[in-house]
Amino acid sequence: MTVGAQAQPGQDAQWVSGGAGSASIDAWLLAVLEDEELRQQVRQLKKVELATVWQLTRSFLLLRHSRVSAPPDPLDVHRRLIAGLAGESLLVSSSMFLDTLSEAEDFFDLSFKTIKSRLGRALDTAASERALRGARATLTAAEVFGDFEAARTYMHTPNYALGGHTPSELIKTSEGERIVLNELQTQAEGGPL
């Protein structure tokens, strides 16, 4: 899988913190998903392609990783999801683990026309939750594997521990995300792959 700049194995290790935990990952993600400069750059794209969005997102992930403050209160995350993440979050999250806009349409159960209409506006709660789940699972996988491309591969590889499903299939629901994150925790602790 290729997105944006070609990452070499281990190249992303500089931003993978190795066990920061979900609260720290949420702080990092929310800092990126709510970054006005990134949102503006996504809105200004002449042609929306996930590879291009990924190039922008990766830069902001690297920039924001060193500036993450204290982990957000879980109720604060809840309030942000209820209020709705920015529409651009849908594309930013998708670019982290999906290759095409068609895959994003399937993941979010939205047409491209609807996705595009949400840019510059708040997402509904369900779309906000899916965007956060997709990004959270992908960054957690990147921490476990030490590499973003390895995480992307993991997200699309059928996994025996997940009942033969791919993580990207399961993270459509909160229960599926819990299963994926538990499986990643098992791998981080040296469990079977």
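How many angstrom separate the Cα center of region 118-193 from the Cα center of region 42-105?
So the separation of the two Cα centres works out to 15 Å.
By the gyration tensor of its Cα atoms, with a ≥ b ≥ c the square roots of the eigenvalues, what is the shape of region 26-173: rounded for a/c under 1.5, prolate for a/b over b/c, or oblate? Mind dumping the intermediate values first?
Numbers: a/c = 1.32, a/b = 1.14, b/c = 1.15.
Note, shape of region 26-173 comes out rounded.
Can you sort R152, R80 by solvent-accessible area, 1.4 Å probe, largest first?
Values: R152 0, R80 70 Å².
Descending order: R80, R152.
On average, how much accessible surface per residue is there in region 22-136, in Å², for a 1.4 Å probe, leaving out ligands, DNA and RNA?
Values: 5240 Å² over 115 residues.
Spelled out: the 1.4 Å probe surface of region 22-136, per residue, equals 46 Å².
Check H165: other-chain or 5+ apart residues with amide H under 5 Å from its amide H, H built from backbone geometry?
The list, which skips near neighbours in sequence, is N159.
At 0.36 nm per residue, minus the direct Cα-Cα distance, what do Q55 and T153 gain on full extension? Give it in nm, one decimal, please.
Numbers: separation 98, 0.36 × 98 = 35.28 nm, distance 1.74 nm.
Between Q55 and T153, full extension yields an extra 33.5 nm.
Using a simple charge model, +1 on the beta-carbon of Lys and Arg, -1 on the beta-carbon of Asp and Glu, nothing else, what dipole does region 34-193 show about its Cα centre, in debye to the nearest 20? Can you show the working numbers first?
Values: 19 positive and 23 negative charges, 122 e Å.
Magnitude of the dipole: close to 580 debye.
Carbon and sulfur: what percent of region 154-193's accessible surface (1.4 Å probe)?
Answer for region 154-193 is 56 percent, counting heavy atoms of protein chains only.
Determine the principal axes of the Cα atoms in region 88-193, then give the extent along each, sorted from largest to smallest and rounded to whole angstroms.
Sorted largest first, the three principal extents are 44, 24, 20 Å.
The values are calculated or read from the model by the stated rules, or taken from the named source; none is laboratory data. Model, not experiment: these values are computed from the prediction. Please note: Cβ atoms are built from the backbone with ideal geometry, for glycine as well, and neighbour counts cover all protein chains shown. Each accessible area value is taken on the protein alone, full model and side chains, heavy atoms only, with ligands, DNA and RNA left out. Shrake-Rupley method; radii C 1.70, N 1.55, O 1.52, S 1.80 Å.
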